[in-house]
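Have a look at the structure below before the remarks.
FYI, it's all coordinate maths here, none of it is from the lab. Here the structure is a predicted model, which means the values were calculated and not measured. Positions of Cβ are backbone-derived with ideal geometry, glycine not excepted, and every protein chain shown enters the neighbour counts.
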Amino acid sequence: MNAAPKTLRQLRELRAAGLDPAGDRAALDQVAARYAIAITPAMADLIDAADPHDPIARQFIPDIAELQTRPEESPDPIGDHPHTPVEGVVHRYPDRVLLKLTAVCAVYCRFCFRREMVGPGAHALSPAQLDAAFAYIAAHPEIWEVILTGGDPLILSPRRLRDALSRLAEIEHVKVIRVHTRIPAVDPDRITPELVQALKLESKATYVVLHANHPRELTAEARAACARLVDAGVPMLSQSVLLRGVNDSPEVLGALMRAFVECRIKPYYLHHADLAPGTAHLRTTIEDGQTLMRALHGRLSGLCQPTYVLDIPGGHGKSPIGPIYLRQRESDAACEVEDFNGGRHCYPPPT
Ligand code: SF4
């Protein structure tokens, strides 16, 4: 009997699977020593090894370009550290916190904004650190929403997840729990009935936000995993990262947003790629991102429109970065509004 396929974690395992990364072997060893590798069987199966530009490979297979760190890049590109009052908690906005239960993921993305912090060797919160994190949330009544992130919180067993959610359920002022994950797409079998039940709380709303970047990631198995969550009453949103050579065309980005909506997942954020070390080859310009958003606005249902956002480097939070369809005319204080075909129309000033 053949053994079940495993997650690929070493360069030699990638080569044995026919997913040979291009480039000098010594340089690739340096990449692998610095940044974690993991490609689940579901993602490995999607890669077309004959295509040097395969968009799934580009997200997960190490690239020697990762050795080039630009001056503007930073190990903490969105500034988590200045907003970390206790280990594992990021309190950047008044009404919500991030809670990083684990630093482990099912896959390691080559563009990850926390690539210096996540990986199989990264430490998880100790029981004492977990106690301190829950105590911090309990002591801050302004915290309305807790976002479980990481790492990938759905890598935890249903029992550990249930324990964490039950502790949050005991905090009266926390009303909403949001779970950021790639698991329904990259390892759909992990979305078991037990895990779905662990996510459901009687007293709080739990949202699952799926991170996926290319429509091919939404396989039949991934769609079934999402349906298990949605059918159980867990609403889903999406987030995607705009990536050069992966989804930076109107056709691919539009197909991704439509695939989300077909899965009953409301497109939420399209992130401009963060200034993480060694990721310049995967970033677009903001101007490119705005052009793509205009194309989506012109082609797709309103249900398929995400908000294009930038996490401002230094920890200043997220802001929508356009494009802008409204501008004030200097001549007569009227507004000029652009329609979905690019036509401009006057909206009169108040009389
Ligand atoms: S799943 Fe998220 S946290 Fe994990 S490597 Fe990918 S982007 Fe980073």
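Numbers for the structure displayed
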| quantity | calculated |
| --- | --- |
| Dipole magnitude of the chain about its Cα centre (Cβ charges: Lys, Arg +1; Asp, Glu -1), debye to nearest 20 | 540 |
| Residue list for the stretch 182-199, given a label point 7 angstrom along the Cα-to-Cβ vector of Arg159 and an amide N cut-off under 20 Å | 190-199 |
| Projected label distance in nm at Arg228 and Thr351, using a 7 Å step from Cα toward the beta-carbon | 6.2 |
| Average Cα contact separation per residue, the chain, under 8 Å, 6 or more apart, as relative contact order % | 15 |
| Pairwise FRET efficiency - Ala220 versus Ala3, Cβ, R0 = 22 Å, nearest 0.05 | 0.40 |
| The stretch 294-340, dipole about Cα centre (Lys/Arg Cβ +1, Asp/Glu Cβ -1), debye to the nearest 20 | 220 |
| Part-to-part distance (alpha-carbon centres) for the stretch 169-187 and the stretch 315-351, which is given in Å | 36 |
| Distance from the stretch 191-243 to the stretch 88-106 (C-alpha centre basis), Å | 19 |
| All lysines inside 26 Å of Lys266 as judged from Cα atoms, apart from same-chain residues fewer than 8 positions distant | Lys100, Lys175, Lys200, Lys204, Lys318 |
| Percent breakdown of C-alpha pair distances by 10 Å bin, ordered from the shortest bin, for the stretch 199-332 | 12, 38, 31, 16, 3, 1 |
| The stretch 227-351: relative contact order in percent, alpha carbon pairs under 8 Å with at least 6 residues between | 20 |
| Cα-Cα separations in the chain greater than 32 Å, expressed as whole percent | 33 |
| Once exposed loop GluC sites (Glu not before Pro) are cut out (DSSP; at most 12 other Cβ, 10 Å), longest piece of the chain | 203-329 |
| FRET efficiency estimate (nearest 0.05) - Cβ-Cβ, Glu87 to Leu201, R0 35 angstrom | 0.90 |
| Selection from Val337, Ala33, Ile324, by position along the positive dipole direction of the chain (Cβ) | Ala33 |
| In Hz, Karplus ³J(HN,Hα) per residue of the stretch 79-93 (6.51, -1.76, 1.60; θ = phi - 60°; x = Gly, Pro) | x, 5, 4, x, 10, 9, x, 9, 3, x, 10, 10, 10, 9, 9 |
| Per-pair calculated FRET efficiency, R0 = 45 Å: Trp144 and Ser331 via Cβ, rounded to 0.05 | 0.50 |
| Value of D in µm² per second that Stokes-Einstein yields for the stretch 1-40, Kirkwood Rh from Cα pairs, at 25 °C (0.890 mPa s) | 223 |
| Relative contact order (percent, whole number), the stretch 138-256, Cα cutoff 8 Å, 6+ residue spacing | 25 |
